[in-house]
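To start, the structure under review is shown below, and the notes come after it.
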Amino acid sequence: MRITISVIAFAVLVVSSASGPALADGAGLYVEKSCIACHGANGNKPVMDAYPRIGGQSEMYILAQMTDIKTGARSNSHSLAMKNIMGNVSDSEMAEIAGWLSKQAQ
């Protein structure tokens, strides 16, 4: 019986690792998608004054801005760099990142 449970547990582990992470968290995606490089560790200490502080903003606001940048609806001097980054972020990943950022201190 113990061997069967161990084999099943191992099989579940192998299948879940082969298919990638089942659920990505906002903090991990924030780092993975390079958001941290410009907006700082929690989105509230950008590397340049011209970059917005996004940590602690409304989740819907953050998501709307990311969506607008990705689609080209928002265009300003920093949008080109952001558009290239957002092209590699799925809608579900944007939602995860926005949710996490909204819970950060301003």
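Descriptive notes on the structure:
- Formal net charge of residues neighbouring G26 (Cβ-Cβ distance under 13 Å; K, R +1; D, E -1): -3
- Across the stretch 54-106, Cα-Cα pairs farther apart than 18 Å form 29% of the total.
- Phi-based couplings in Hz for the stretch 28-35 (Karplus 6.51, -1.76, 1.60; Gly and Pro marked x): x, 5, 4, 6, 4, 8, 6, 4
- Extension gain, S34-E59: 0.36 nm per intervening residue step, less the Cα-Cα distance, totals 7.1 nm.
- For the stretch 21-102, fraction of C-alpha pairs farther apart than 17 Å, in %: 40
Read the figures in this text as sums done on the coordinates, not as results from a lab. Note that the structure is predicted; figures quoted are calculated from it, not measured. So basically every Cβ, Gly included, is an ideal-geometry build from the backbone, and we count neighbours across all protein chains shown.
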